[in-house]
Amino acid sequence: MAYSSCTLLLIILCFHAIEAQPLHTAKLLINASNKLGKQIPETFMGVFFEEINHAGAGGLWAELVSNRGFEAGGKNVPSNIGPWTIIGDESSIHVSTDQTSCFEHNKIALKMEVNCDSSNSCPLDGIGISNPGFWGMNIEEGKKYKVVFYVRSTSRIDLKVSFVGSNDGVKLASTNIKLGNDVNASTWRRVEHVFEAYATNHNSSLQITTNEKGVVWLDQVSAMPLDTYKGHGFRNDLFEMVAALKPRIFRFPGGCYVEGKWLRNAFRWKETIGAWENRPGHFGDVWGYWTDDGFGFFEGLQLAEDLNALPIWVFNNGFSIYEQVNISAISPFVQEVLDGIEFARGSPTSKWGSIRASMGHPKPFDLRYVAVGNEECDTQQNKFIYEGNYPKFYDAIKRAYPDIQIITNCDASKEPLNHPADLYDYHQYPKSSNYMFNLAQVFDHASRIGPKAFVSEYAMTGKESGRGNLLAAVAEAGFLIGLEKNSDLVEMVSYAPLFVNNNDQKWNPDAIVFNSHQVYGTPSYWVLSLFKESSGATFLNSTLQTNSPTLAASAISWKDSINGKSILRIKVANMESQTVNIVIFIEGLESSVHLSWPRKTVLTSSNPMDENSFSNPNMVVPRESILDYAGKIMNFQIDPLSVTLFDMTMY
Ligand code: AHR
């Protein structure tokens with residue numbers, strides 16, 4: 001049941017007043033013996049990366065130039081060159097597009113006709129074009145940036161390439177590129193220069209200017225910071241945020257992004273591999289923005305590897321949101337998938353594996369899971385087509401790669417599937433905190449015969465969740481405790497969406513919020529961090545006795561990888577607006593085993609609607625304290641609306 005706005009107001013007003021009186025009590029009985037516990041799958045906690053909210057383009061993918069090949073305006077000319085802008089007026093410069101690029105998959109190039117020169121009205125700083133990146137490029141003093149572009153010209157000409165503050169025009173780095181007498185209009189030349197910035201501005205542009213007369217064509221203009229994760233092109237701060245969650249699986253590249261509203265705008269993996277200059281890019285019509293596809297299929301696999309997570313490729317299965325390919329025409333889509341698997345894990349001498357090798361990764365990627373599309377089995381009409389086409393994919397993949405685990409998106413939690421699958425996909429976006437919390441029980445009575453569940457998308461949404469607040473996070477923690485309890489059936493879990501560029505939010509809420517230079521986690525992100533040790537841990541047998549309907553608790557144990565010591569962790573999610581008094585009884589431990597180093601970690605705040613922000617990124621974050629006692633019987637006060645961990649070392 002959702003909180004109405006009046007109830008919410010009451011919760012907010014009463015929050016502190018009621019805090020002092022623990023009305024609810026609970027007993028948590030834990031048997032800490034590993035023998036009675038069950039192992040949570042190694043793959044349990046993962047992440048789902050979708051190109052939504054500029055997660056990749058203008059996000060994790062560190063490319064600073066937006067629309068680097070001038071293709072975003074379409075294949076026809078004249079075309080819109082946005083977000084590029086022109087520096088100079090009509091009398092001095094004429095900019096247009098034509099189809100003369102040297103790259104066969106993206107023919108659009110930019111033509112710049114300059115009619116002024118230094119002795120004839122050209123401004124000192126020149127005229128030309130400017131790219132604002134994705135709501136401003138982050139240029140930082142002392143950092144290096146590699147700029148590459150392709151150019152041809154009718155005559156010798158000097159170009160100035162600069163990073164400039166968008167708001168103040170202050171230059172942050174600049175160089176002159178001289179195109180000498182050997183230039184000609186028919187030969188493209190590649191220009192590369194590494195800049196070291198001598199000042200910082202988080203809202204900068206890249207400018208290519210001249211104050212000489214002439215005609216110049218430009219194409220494939222890229223600006224990459226040299227400082228990316230392992231030089232793989234991933235923005236360090238965003239990579240670290242994901243890595244800190246220790247994800248074991250990495251689902252990508254969507255979501256609806258994989259499908260497109262129309263198939264012509266779906267994610268086509270073959271268009272996203274190979275040299276970046278030759279990638280056509282595409283308009284992701286579901287989330288309404290262009291991507292140059294710098295972050296493509298290869299980069300997704302690479303990112304999974306860098307995160308030490310197993311990739312899960314969601315492939316397009318001939319479905320878009322408005323179109324479905326009939327079974328009689330599905331075989332090219334099946335072949336496309338087989339080629340994609342070969343690209344990911346085929347030998348470096350195979351047709352597609354050799355392209356992967358040429359991109360610097362001869363070793364196959366560890367692709368063990370693929371998902372047959374996304375959310376297509378949810379209406380009667382689509383289900384019929386989905387189930388008709390599905391065996392074509394399933395049989396072909398299993399024939400060629402018997403070990404690959406195949407994920408259907410038909411929900412097997414309520415009724416058995418009519419087709420074979422290793423896992424089934426399960427999504428939930430409730431708009432009420434109570435509903436979210438109570439979903440903890442959704443798998444309690446689901447069939448244990450048949451495929452396992454992959455809860456690949458979940459989050460509390462709607463008004464109650466604000467832009468990602470404490471209330472949503474606690475409700476989600478309750479849900480996750482339920483999934484842990486059912487982890488004999490639930491093999492993997494991932495929150496969605498993972499990222500949002502704060503300048504263009506297409507979906508709310510999200511786990512990680514960023515702009516050109518800042519990042520913070522929403523409370524939901526911090527809940528994920530509280531569950532990161534669950535993968536591969538032992539779920540201990542425990543019973544919660546309580547008169548509170550919205551209290552959940554679980555206990556896990558695992559061996560610390562650094563000191564080899566066993567840790568016992570108790571998690572409690574309290575959705576009540578009141579303090580709960582909990583008594584914990586731990587049994588099943590040998591008498592020689594002691595509990596020590598007790599630590600308590602609490603995620604809470606004074607208001608259910610509290611959120612983090614760029615100005616206050618740590619308003620709702622886990623806070624750790626040392627406790628002075630750990631024993632087999634303990635009594636704790638659990639804060640209202642909180643997620644609390646108790647960690648103890650067992651030795
Ligand atoms: O996570 C956002 C979207 O929600 C995904 O693209 C889609 O699978 C779901 O409907």
Original post:
Ignoring ligands and nucleic acids, what accessible area does Thr85 show with a 1.4 Å probe (Å², nearest 10)?
Top reply: 70
Subject >> Long-range amide H partners of Lys143 with built H, under 5 Å >> reply: Ala197
Original post:
Which net charge results when you count Lys and Arg as +1 and Asp and Glu as -1 among the other residues whose beta-carbon is under 10 Å from that of Ala630?
Top reply: 0
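If the only charges are +1 at each Lys and Arg Cβ and -1 at each Asp and Glu Cβ, what is the size of the charge dipole of segment 150-192 around the Cα centre, to the nearest 20 debye? Mind dumping the intermediate values first?
Numbers: 7 positive and 4 negative charges, 26 e Å.
So the magnitude is around 120 debye.
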Original post:
Cα centroids of segment 217-283 and segment 489-532: how far apart, whole angstrom?
Top reply: 17
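Considering only Cα-Cα distances, which of the following residue pairs are longer than 25 Å: Lys246/Lys565; Lys565/Lys632; Lys144/Lys171; Lys452/Lys632; Lys383/Lys506; Lys146/Lys351?
Working: Lys246/Lys565 19 Å; Lys565/Lys632 18 Å; Lys144/Lys171 15 Å; Lys452/Lys632 35 Å; Lys383/Lys506 27 Å; Lys146/Lys351 31 Å.
Checking Cα-Cα distances, Lys452/Lys632; Lys383/Lys506; Lys146/Lys351 exceed 25 Å.
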Original post:
Going by the alpha-carbon gyration tensor, a ≥ b ≥ c the square roots of its eigenvalues, is segment 129-283 rounded (a/c under 1.5) or, if a/c is not under 1.5, prolate (a/b greater than b/c) versus oblate?
Top reply: oblate
Original post:
Cα centroid distance between segment 63-128 and segment 537-575, in Å?
Top reply: 60
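Quick one: dipole size for the chain, taken about the Cα centre, charges +1 on Lys/Arg Cβ and -1 on Asp/Glu Cβ, in debye to the nearest 20.
Working: 54 positive and 69 negative charges, 204 e Å.
Computed charge dipole of the chain: roughly 980 debye.
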**OP:** Using +1 at the Cβ of each Lys and Arg and -1 at the Cβ of each Asp and Glu in the chain, identify which of Trp276, Asn53, Pro402 lies farthest towards the dipole's positive end.
**Re:** Pro402
Original post:
Using the alpha-carbon atoms, what tilt in degrees (0 to 90, nearest 10) does helix 297-307 show relative to the longest principal axis of the chain?
Top reply: 50
Subject >> Glu141 accessible area, assembled protein chains, probe 1.4 Å, Å² >> reply: 120
Original post:
Can you tell which of Ile86, Phe315, Tyr651 lies farthest toward the positive end of the dipole of the chain, using +1 and -1 charges on the Cβ of basic and acidic side chains (Lys, Arg; Asp, Glu)?
Top reply: Tyr651
Original post:
Quick one: helix 470-485 against the long Cα principal axis of the chain, what's the angle to the nearest 10°, folded into 0 to 90?
Top reply: 70
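Rounded if a/c is under 1.5, else prolate if a/b is larger than b/c, else oblate: which is segment 539-637, with a ≥ b ≥ c the root eigenvalues of its Cα gyration tensor?
Working: a/c = 2.29, a/b = 1.42, b/c = 1.61.
Note, shape of segment 539-637 comes out oblate.
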**OP:** Report, in degrees rounded to the nearest 10, the 0 to 90 angle that the Cα long axis of helix 331-345 makes with the longest principal axis of the chain.
**Re:** 80
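Tell me whether segment 154-232 comes out rounded, prolate or oblate; compute the Cα gyration tensor, take square roots of the eigenvalues as a ≥ b ≥ c, and use a/c under 1.5 as the rounded threshold.
Details: a/c = 2.60, a/b = 1.54, b/c = 1.69.
Note, shape of segment 154-232 comes out oblate.
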Subject >> Euclidean distance between Cα centres, segment 590-618 to segment 636-651, Å >> reply: 8
Original post:
Dipole of segment 252-312, Cα-centred, from +1 at each Lys and Arg C-beta and -1 at each Asp and Glu C-beta, to the nearest 20 debye?
Top reply: 280
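The values are calculated or read from the model by the stated rules, or taken from the named source; none is laboratory data. All values derive from a computational prediction rather than experimental measurement. Quick reminder, even Gly has a Cβ in these numbers, built from the backbone with ideal geometry, and neighbours come from all protein chains shown. To get the accessible areas, we keep the full protein, side chains included, count just its heavy atoms, and leave off ligands, DNA and RNA. Shrake-Rupley method; radii C 1.70, N 1.55, O 1.52, S 1.80 Å.
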